[in-house]
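Note sheet for the following structure.
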Amino acid sequence: HCLAVRTVCQREIDCDRGHGYSWKITLLRNYWKSKVKQEWLSGKYSNVPSQFSLPEKSMYPMDANTWGEILEAELER
């Protein structure tokens, strides 16, 4: 599971592992983030009419670099 999460959240996983977190803690810290980030990167939320149209679990606390990756993906579409 950790390797699957790493395909989406490589920077986050590598940072956590660099800080000495175990694979278990790293997975717990990044699992839901990877699910939400993958949906954003795949374009699932590209053409929503308003913020109220977003599903309840479409948001997750992410850092500015992660949102930058998502914005770059949107600009390339």
Counting only the backbone N, which residues of the stretch 16-59 are under 11 Å from the spot 7 Å out from the Cα of residue 1 toward its beta-carbon?
24-32
Hey, what's the chain come to in accessible area per residue, 1.4 Å probe, Å²?
72
Could you grab the relative contact order for the stretch 1-43? Cα pairs under 8 Å, six or more apart, rounded to a whole percent.
45
If I model a spin label at residue 71 and residue 57 as a point 7 Å from the Cα along the Cα→Cβ vector, what separation in nanometres do I get?
2.8
Highest-first arrangement of 9-19, 38-48, where packing means the average Cβ count within 10 Å:
9-19, 38-48
Of the peptides 61-72, 23-34, how do they stack up when ordered by the mean number of other Cβ atoms within 10 Å, highest first?
23-34, 61-72
Once normalised by the length of the chain, the mean sequence separation of its alpha carbon contacts under 8 Å that are 6 or more apart gives a contact order in percent of 28
With 10 Å bins from zero, work out the P(r) of the chain over every alpha carbon pair and list the percent per bin.
18, 49, 25, 7, 0
Once you list every other residue whose beta carbon is under 15 Å from the beta carbon of residue 48, what net charge do they have if Lys and Arg are +1 and Asp and Glu are -1?
0
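The values are calculated or read from the model by the stated rules, or taken from the named source; none is laboratory data. Quick caveat: nothing in here was measured; it's all calculated off a predicted structure. No Cβ is skipped: glycine too gets one built from the backbone with ideal geometry, and neighbour counts run over all protein chains shown. Areas reflect the complete protein model, heavy atoms only, side chains present, ligands, DNA and RNA absent. Shrake-Rupley method; radii C 1.70, N 1.55, O 1.52, S 1.80 Å.
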